[in-house]
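Novice: Have a look at this one before I ask anything.
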Amino acid sequence: MKFKVPEISKNGYGISDSDSDDDYPTPPRRLKSILKSSAAAKSPPTRASLNKSHIDSDYGRWDEIEHFQNTYTSSVDYHHLNDSFTRSSSLQHLETDTSIDKELEAIQSTISSLQLQSQEETRKLAHDFDKRNKDLWSSIEASISLAQKDADRELEEQKRAEETRQRIAQEQDEQRKEEMRKKEAEQKQQMQERSKQIQQEKAEAEKQKFGLVSAKKEYEHWYSLIMEVKRNVLPLVAQDPAIKKACSASKRKITPKIGQLTNSIGQIKRIVGVALRFRLEAHLISTQTSEISDILSEPKNLHGDQSPAYIWLLNHLSKCLLRQAEAEVSAKITTAFPLARLVVSLVVSEHPRLADILMGRLVKKACWIVPYYPLRGEGESEEQWMRRIGRKNKDETTVQYNDRMGGTAAFYFAILQTRLTSTNLVLPQQVGDDDIISRLPAQFRFSQSWTWLSHALRPPMPTLSTIPQLLATFFEMLGEPYRLAYGKQAVKVLQLIKSRIDDENAWAKNSEANMTRIKLLLDKWQTGQPLSSSDGRIWEA
């Protein structure tokens, strides 16, 4: 855009500056002609109309002369005066022209200086305008460039964001596909594992029929169960004063009832006859079972069968039963039968969880219940290992230890052989025999007798000193029911044992007494007599 310099106003001399720096103004006219034409056009000035500065100047004197001429022409002889002033006028004109020329030169010089100054100011103004215009355009271009950069950057960010979104979407899609592949592979693997598990369960079921279930696996299962109760349940009761107080009160009720059960039955047998004895035993067991069941039901009804108080009481009852088995049953194995009836009655009626807690306690107290003999673990102290196999202390002899294990095993065998009929058990209501069988857990069913004997006869178990005593106890408690239940298979097992009874290498050393007991039982069996007595086994009237 071409800058146009604004029009400069006319100066005091009637001369205007040029519109361009290259044009020069027209030279001014002679001042005298300007003055004459002005005097001719205007009325003569009076002295009163002229200010002092004008009167004192050369122009003022000249005006006075003209005023004098105009004023006194009518009264003065012009021709006379004209001659008088001709010479002086000529001189004055000459002087006046010279003065005017000088003034004109000064004026022209001033005008030229003003023109130069105006041209310089115009040039500077144009230069400043151009500079501002350039700066303005530079600023505009910079703003446009910055805006363009911002737009490019925003576009680039949008592009990167879109790329990131697409990349994330692609990764998520790939991840989803990978998860689907993994899920399909896992499902396929689970199906394979499930199929394999089903096959294994079938195989285990077949093995269980012939006593081939892993004894170690069984031992670890029950031992870990009771250790979990010890770590997670018992501390909860100990830390809560209210629960602890309630459990202690129930404990004081349960403990004496277990002792009263076996002691009262012993007294009944010594005092009364057989017919009355059955009725009294039945009444006693029924009463004790009902009372113990009511005590156990208190926390169960309030907080459920998973409550710490309920499990704590089941654990305490199990310990009481085992103490009674060690003290009474080891001395006379028939005292195990009423304890077994009490347990089975509680389990099939209202307290099925007692079966797991009691089985865990049995295995922890006597590893021979499986039977399994755990070896001493790496880093395990001798004291820890002895406690794990059921020994009380180092001072306990092998005979004392075997007697305690025999009493515990007799209690377990008594549970296995308990008749599952409503007339043989104490039940709160009438229940069918088939229903009773379905309620009893597998570890307390009679089929475990086959499993136990199979494990006990598998080498090297017979070479351990405890096994001969437990075998003798097994035949005394379960011999006849075992033979009747398994028929020809049982006969084969008994014949195999009798054929190896005299092989010293097949049995434990220093177990002659127990081996003699087994031999006498088998001899009696071969003569047609029952392997075990029914004394205390049946109490139906």
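Novice: Please pull out the direction-averaged projected area of region 214-526, using the convex hull of its alpha-carbon atoms, in nm² to one decimal place. It would help to have the intermediate numbers written out before the result.
Specialist: Details: hull surface 70.8 nm².
Quarter of the Cα hull surface area: 17.7 nm².
Novice: Can you sort 223, 412, 482 by how many other beta carbons sit within 10 Å, fewest first? Mind showing how you got there, number by number?
Specialist: On the way: 223 18, 412 29, 482 25.
So the residues, fewest neighbours to most, are 223, 482, 412.
Novice: Once phi is turned into θ = phi - 60°, what whole-Hz ³J(HN,Hα) does the Karplus curve with 6.51, -1.76 and 1.60 give for every residue of region 391-408, x standing for Gly and Pro?
Specialist: Per-residue couplings from phi come out as 7, 6, 7, 5, 7, 5, 7, 5, 5, 4, 5, 5, 5, 5, 5, x, x, 5 Hz.
Novice: Moving on. Taking the number of other C-beta atoms within 10 Å as the exposure measure, put 397, 451, 466 in order starting with the fewest. Display every interim value, and only then the final one.
Specialist: Details: 397 8, 451 23, 466 26.
With the fewest neighbours first, 397, 451, 466 line up as 397, 451, 466.
Novice: Which FRET efficiency value, to the nearest 0.05, is calculated for residue 464 and residue 230 with the Förster distance at 35 angstrom and r the Cβ-Cβ distance? Please report the intermediate quantities before stating the final value.
Specialist: Numbers: r = 27 Å, r/R0 = 0.77.
Between residue 464 and residue 230 the formula returns 0.85.
Novice: While we're on this one: Can you sort 474, 444, 411 by how many other beta carbons sit within 10 Å, fewest first?
Specialist: Details: 474 26, 444 21, 411 29.
Lowest count first: 444, 474, 411.
Every read-out reported here was derived from the displayed coordinates using simple, explicitly stated rules and does not represent laboratory data. Here the structure is a predicted model, which is why all the values come from computation and not from measurement. Glycine gets a Cβ as well: all are built from the backbone with ideal geometry, and neighbour counts include every protein chain shown.
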